[in-house]
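Okay, structure first, notes after.
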Amino acid sequence: MISEQEACDRVLARFVDTRGAIASCRLDPRGEYWVIHANAYEYVVNGRSEHCLIGDGAYLVHIASGRLTITPSYETWHESIQDIYDLDDAAGAHYVLRPDYAAGDKRAIVHLHQRLGCSLIDARWLLEDANRSWLTGTGRSLRQACELLAAHGVETQRVLQDELRHALLLTPQQWTLDMMLQRLRERASLRSAVVPLRDATP
């Protein structure tokens, strides 16, 4: 088990060209990581902003293993640690966004056609058992996707799967509804690449 002092020492050891100082250290909500904020000594202790180092966010030290993870400055440490939690919970599986409609549901097909802006044929294809793996990404990005799509009237579910089954990647930067709908239309467009192959099979 890594103590608070040991965790802070590991973070300070990363400061090579300048002296570092710890601004704060706390346990994360699960009690699995030390969440440490550190920067140049002159900035933390003496408040000299010209010495502030940029680029790194928080430092996360796993209490059990001592593993150190540095979060990017463009994310909050809550977001970064949620991604770590999700990866640990997935245990090697993939997070996948799937429709929460039954295959062949005619009302759902028309509804998806209207909401996604794809053809009826594509909407029906998206609900077939072999094509229900729509998007993949971090657990957090797919959780947000479920919420945004639900507000748009499209019911989905986030599941864990061992295989991606042609699910398209949804990056954390593609968090707007328009971007998600575009990715879903791209997923539907794969039908034209698959159907001719099926038709050519004797």
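The values are calculated or read from the model by the stated rules, or taken from the named source; none is laboratory data. Values in this document were obtained by computation on a predicted structure and should not be read as measured data. Positions of Cβ are backbone-derived with ideal geometry, glycine not excepted, and every protein chain shown enters the neighbour counts. The area values use the complete protein model at the heavy-atom level, side chains included, leaving out ligands, DNA and RNA. Shrake-Rupley method; radii C 1.70, N 1.55, O 1.52, S 1.80 Å.
Say R0 is 25 Å: what FRET efficiency, to the nearest 0.05, do Ala21 and Ile54 get from their beta-carbon distance? Using R0 = 25 Å, I get an efficiency of 0.95. Does segment 71-174 come out rounded, prolate or oblate, given a ≥ b ≥ c as the square roots of the eigenvalues of its C-alpha gyration tensor, rounded meaning a/c under 1.5 and, failing that, prolate meaning a/b above b/c? Cα axes put segment 71-174 in the prolate bin.
The C-alpha atoms of the chain occupy a region whose extents along the principal axes are 71, 35, 30 Å, arranged from largest to smallest.
The figure for Ile121 is an accessible area of roughly 90 square angstrom, using a 1.4 Å probe on the protein chains alone. Surface listing: Ile54, Ile22 arranged by accessible area from highest to lowest gives Ile54, Ile22, probe 1.4 Å.
When only the heavy atoms of the protein chains count and the probe is 1.4 Å, how do Asp105, Asp100 rank by accessible area, highest first? Don't skip to the answer; put the middle values down first.
Values: Asp105 60, Asp100 85 Å².
I get Asp100, Asp105, largest accessible area first.
Comparing Ala123, Ala40, Ala58 in a Gaussian network model of the chain, where Cα atoms under 10 Å apart are tied by springs, the biggest mean-square fluctuation is seen for Ala40.
Remark: the chain carries 56 Å² of accessible area per residue (probe radius 1.4 Å; ligands, DNA and RNA excluded). Spacing of the modelled spin labels on Asp9 and Leu164, each 7 Å from Cα toward Cβ, amounts to 4.2 nm. Applying 1/(1 + (r/R0)^6) with R0 = 45 Å to the Cβ-Cβ distance of Ala151 and Arg67 gives a FRET efficiency near 0.75. With a 1.4 Å probe rolled over the protein heavy atoms of all chains, the accessible area of Val45, Val96 falls in the order Val45, Val96, largest first. To the nearest Å, what is the center-to-center distance of segment 3-30 and segment 70-101, using C-alpha atoms only? If you average the Cα positions of each part, the centres end up 24 Å apart.
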